Every structure is written in C-alpha cells, then in structure tokens.
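Just below is one structure, and these are the notes that go with it.
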Amino acid sequence: MTQPSSRKVRARIAVAVLGFGTFAVGTDEFVLAGVLPQLGDSLGVSVATAGQVVTVFALTCALLAPVLAMLTAGWSRRRVLLLAVLVYLAGNVATALAPSFAFVLIAQLVAAAGAGLYVPTASVTAAALVPEDRRGRAIAVVTTGFTAATALGAPIGTLLGGLLGWRATMWFVAGLAVLGLLGVLALVPAVSAPAPEGLRPRLAPLGDRRVLAVLATTLAGFTAVYLPYVYISAVFEPATGGGGDRLAVLIFTLGVIGTAGNFAAGSLADRIGARRVVAVALGWLAAVLVVLPLTTGGFGTSVAIIVAYGVAAFAITTPQQHRLITLRPESASVLVSLNAAVLYLAISLAGMLGGAGIGLVGANRLSLVAAGLAILALALSEVAGRLTLRSTMDRSVTGEPVSR
C-alpha cells in the first residue's frame, strides 16, 4: 500500500471514530426519553418533570457550544476532543450515582457541556482530515452518529432501563463514552484545523438572511420531530402498557427506519435538490403527526405509524446540512456548529413544550402541536429557498461565482 493510500485509510478510520463519538454523546440525549418513567418513579417526580432533564441537556449544549468552542479555539483539536469526552463521561457517571432529581439535572448539565463541545469540534476535525472535495461527506459521517444513537443506542439503553433500572442505562452510556475516549486516543491524529478565534466571527454567517431562514427551518422542524419523541413513553403508553421491551422495539424501529431515511434523503438531495427533499419530508411529517393520535391504541398500528414518522423525521437532517454548506462553503464548519446548536435548542424546546402540553392537551395530542410546527417549518424552508434563488439570480446578473 502506498503512503498516500495508507494516509487516506487512516483518515477514514479517524472520521469513523469521530462519528462513533457523536453516537456516544447522542445516545445520552435520546436514551433519556426512553427511561423517563423509571427515572420519575425512582426519584419521585412526574414524567413531565422528568422530561426536563432532556431540556436541560439540550439547552446547555445549545448555549455552551459556541462559547466553549471560542474558549478552546487555540488548543489542538485532539486535546479539545479528549477534554470533551472526559467531561461528558464525568457527567454521566455522576448521573448514574445521583441521589436526587436535582443532582441528575446538575450532572446532566456537566455531561451536556462535554457533548456541546465535542460535536462541532469533531465536525471540524473530520473536515481537516480529508481532502477538500470530501469534507461535506466527512462532516455527514460525524453527524450521522446522532441517527445511529436513535437506531441502536437509545433502544438498547431503554431495554436495559426496563430490565435493570435507569441507572444501568446511564452506566451503559458511560461505557460508550469510555470506548469513544479510547478511540480518540488511539486513532485520531493531531491535526491543525483553522477555526474562528472569537464569538463574533463564529456568528458572522447569521448576518446572511438565507442562513437564518435555513436555521429557522431546522429549529421549527426538529422541535416538531422531537416533541413526540422526548415523551415517546407517554405518547405510546396505551400501546406499550408501560413495558420497556415494547417501547424499545418502537424506538429501535424508529432508529432503523430513520437511518435509512437519512441516507436516502442525502442521495435524493444530490439528485433533485435539498430544498425539495426537505419540503416533501416536512409535508409528510405534518400529515403523519396529525394521524398519530388515532394509532396509539394498538401495538401494530403504533409500529406502522413509527415507520412513517421515522422516514419523514430523519429525512430532514442531511439535506439541511447540505443547504447550509452550499450557501457558504468557506464557512462549512462554522455553519455545522451553528446548526448543531440550533438542533439542541429544538430538542430543549420540545422538552419544555411537551412538558406543558401533557398538562394542557394530554400526551396523545402532543403530535397535533408538533404538526403545526412542521407546517411552520415548511413555510420557513420555502422562504429560505426563495431567498437563495433570488441571491443566485443576482449573482448571475453581476457575474459573481454562484455556489452549487
């Protein structure tokens, strides 16, 4: 094997390791939704209150990600990755040992700080490891770890929670973090990855109305996606009877279908355009969410609606990233970081809205609120598309280069 070929293989392995790390930190976020009943019963709080641990985790990630990235901008990317995984690991070990719900919230805040630092750093590192023409795909491998967390990490953790209690789930999450830490130590080389050293340069793309519209689409769209997901144990309780095994089957089905939908959407985005894929996915999602309350009475119909929901929900992820990278290729890593922060903000909003919605309309009707948000996201997506088209036409007239 020639030296360049060997270097390419090592880079691909390193990118895969970074993707596994995203899988590890994403599992914590998603598995919590599956153990809310056990967590609430153990610590004496309601499911709606227990769901706020998801809100705290996601909101902390959203707020701290750009700040921590700025504070560590001068460090080597490998050093930042190791620190991020260690902080995340410490937070989850503390969660597994937590004596009270308040302690769980504090521990998950620590874990979230590590996760919020890891994801954008991993994306930037992956992009620096590969040639320029493969950077988008490398970033996609890293962020696909979130979908894999839904497909594998969350159902395994939910099943463990049902059999052995929610603390066993947190030890499982901590174990994934240890594997991620060892992978970074052994297989991710030290790389120089240029990154803006201040908060203002990181936020500069927000001055572009097209970027704002795409990020607003992510916010509304993923709030709609995660509103029923965060409280999936309560939404599908009539079908599962509160059983962890049946809930794990639903979550596993959602993850597998979502992973397939994510890859299919990426391929379709290359063929027909990311805007069209997002439009179809959001319209489909809204329709599924309207029908969902009629299907949760039986396990078979619940599996069927989960399949339809999974295809639509996770078909948004890759096309949205594709749109952002295409808008400003020179700011790809910054835009991916901002998109990750907005995604976490959407999950936190889903936790807050869902907690309030259970009290106001009941768990079974949360999906109707989510359907309204999906329609809003569709409108925002079309606004983003029109702004992009107008910008492209203006550049053609002035003779400026047009991003594809």
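Taking R0 as 25 Å, what's the FRET efficiency between THR301 and ILE272 from their Cβ-Cβ distance, rounded to 0.05?
0.20
State, to one decimal in nm, how far the label point of GLU382 lies from the label point of THR49, with both points 7 Å from Cα in the Cβ direction.
4.4 nm
Using amide H atoms built 1.01 Å from N in the peptide plane, name the residues 5+ places from THR72, or on other chains, whose amide H lies under 5 Å from its own.
Distant-sequence amide H within range of THR72: zero hits.
If each of ARG365 and ARG7 carries a label point 7 Å out from its Cα toward its Cβ, how far apart are those two points in nm?
Result: 6.2 nm between the two label points.
Just report the Cα centroid separation between the stretch 218-289 and the stretch 77-104, whole Å.
28 Å
As an exercise, take the mean of 1/r over every pair of distinct alpha carbons in the chain, invert it, and state the Kirkwood radius in angstroms.
The answer is 21.1 Å.
Starting from the 7 Å offset along Cα-to-Cβ, what nm value, one decimal, do you get for the label separation of VAL290 and SER76?
5.6 nm
List every DSSP H helix in the chain whose Cα atoms extend 24 Å or more along the helix's own long axis and whose mean Kyte-Doolittle hydropathy is at least -1.0.
3-34, 52-71, 77-96, 101-129, 166-187, 209-230, 244-272, 274-291, 332-360, 366-398
Quote the charge dipole size of the chain about the Cα centre in Debye, to the nearest 20; the model charges only the Cβ of Lys and Arg (+1) and of Asp and Glu (-1).
That gives the chain a dipole magnitude of about 1060 debye.
Between Rg and the Kirkwood Rh of the stretch 243-299, both from Cα atoms, what is the Rg to Rh ratio?
With Rh from the inverse mean 1/r over Cα pairs, Rg/Rh is 1.08.
Starting from the Cα-Cα distance between ASP41 and SER100, subtract it from 0.36 nm times their residue separation and give me the gain in nm to one decimal.
Stretched out fully, the ASP41 to SER100 stretch lengthens by 20.1 nm.
Taking 20 °C and 1.002 mPa s as the conditions, I'd like the Stokes-Einstein D for the stretch 192-317 in µm²/s, using the Kirkwood hydrodynamic radius from alpha carbon pairs.
In µm²/s, the coefficient is 132.
Evaluate the Debye formula for the stretch 1-146 with equal point scatterers sitting on the alpha carbons, no solvent, and hand back log10 of I(q)/I(0) at q = 0.18 Å⁻¹, in q order, two decimals.
Summing over Cα pairs of the stretch 1-146 leads to -0.98.
No value in this document is a laboratory result; all are computed from the given coordinates. All values derive from a computational prediction rather than experimental measurement. Quick reminder, even Gly has a Cβ in these numbers, built from the backbone with ideal geometry, and neighbours come from all protein chains shown.
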